[in-house]
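Report on the structure given below.
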Amino acid sequence: MHGMMIGFSKTKNDDETAVITAISKLTGQTASFDVVVKNQLPTEMYFSFDIGDKTVWNPTEYTLSVGDVVTVKLGYKPNTQQKDVLIDCSDTSVIEVSNEGANIILNVRKEGTCTIKMTSVINPNLSMQTKYTVVKAGAINTSDVEGVGMSLRKTIGHAAVFTVAQIFTYLTLFMFFYEKPWWFHASISLGTGLAISGISEFIQYLVPSRHGTMLDVLINFAGAFVGAVLTFLGILIVKKIVQKRKEKNAAKEN
């Protein structure tokens, strides 16, 4: 006969031993053996921190500003419950480092440069280091420019997409329900735009690598609102032009 053993994740750092005993139902004979559960050392260490609207992974050099407080998040592959690291900061007067297990807090104090090295406690062979350049608060650096550019592209891009979508939605309702008043077209098209804005951000919220925010919902809906207003004004202008032409033609015939 064959048996099966199921392993469970460990909760302690030291090796653990379990005794497996098999008993024969026919003869009552027993056989025992020991099973030693050892720690599985991680083979890869990584870290990340969020700056502005982006996540930076494993940077070897980075620029921060005086007054920044950055949370560095640590991870291992394979994953392990023991995520403590030893911190070596070349100049604590520039950046003060506090260790909180899987997270490291960087308190940026003054201008200058320093190197921070992180070494895994569970596997000392794993280490990573980053050189930080600290500039005065308010100074414009590459990361600031990239963050502002990304925010502008995101804001304008999202709003523009919903503006165009709203124009087509409004026009479709106008064509199929021509006899309905303007508020009928506007309310349904804007309600649709708001629903799509909320659903799209909710879907992003469910994706681990993305995040949905109420601000993005408002940006999307603002684009939809602009699209509705532009379409309403366009239809109104076209109606006025058509009406004047009809009046001119009627006057000529009379």
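The values are calculated or read from the model by the stated rules, or taken from the named source; none is laboratory data. As the structure is a computational prediction, the values presented were derived from the model and not from experiment. Cβ coordinates were reconstructed from backbone atoms using ideal geometry, including for glycine residues, and neighbour counts include every protein chain displayed.
Here are some notes:
- Here T80 qualifies as β-branched (V, I, T), over 14 Å from Q129 (Cα atoms), in contact (Cβ under 8 Å) with a residue 12 or more places away in the chain and surrounded by 16 or more Cβ atoms within 10 Å (Cβ to Cβ).
- Search result, residues across the stretch 83-101 that are surrounded by 15 or more Cβ atoms within 10 Å (Cβ to Cβ) and over 20 Å from Y132 (Cα atoms): K83
- Residue selection: F174 fails the criterion of being at pLDDT 90 or above, assigned to a helix (DSSP H, G or I), of a type outside the set (D, E) and not assigned by TED's automatic domain parsing to the domain that holds V56.
- G212, sole failed condition from (1) part of a helix (DSSP H, G or I); (2) under 27 Å from the mean Cα position of the chain (by Cα): (1)
- The single residue among I241, I219 that is surrounded by 15 or more Cβ atoms within 10 Å (Cβ to Cβ) and not charged (D, E, K, R) turns out to be I219.
- When the residues of the stretch 30-42 are filtered to those that are assigned to a strand (DSSP E or B) and surrounded by 11 or more Cβ atoms within 10 Å (Cβ to Cβ), the one that is modelled with the lowest pLDDT is V37.
- The condition of being under 20 Å from I237 (Cα atoms) and in contact (Cβ under 8 Å) with a residue 12 or more places away in the chain holds for only one of T169, T213, T192, that being T169.
- Filtered residue count, the stretch 166-190, keeping only those that are β-branched (V, I, T) and surrounded by 19 or more Cβ atoms within 10 Å (Cβ to Cβ): 1
- With respect to being at pLDDT below 90, surrounded by 10 or more Cβ atoms within 10 Å (Cβ to Cβ), not in a helix (DSSP H, G or I) and not assigned by TED's automatic domain parsing to the domain that holds K54, G193 falls outside the description.
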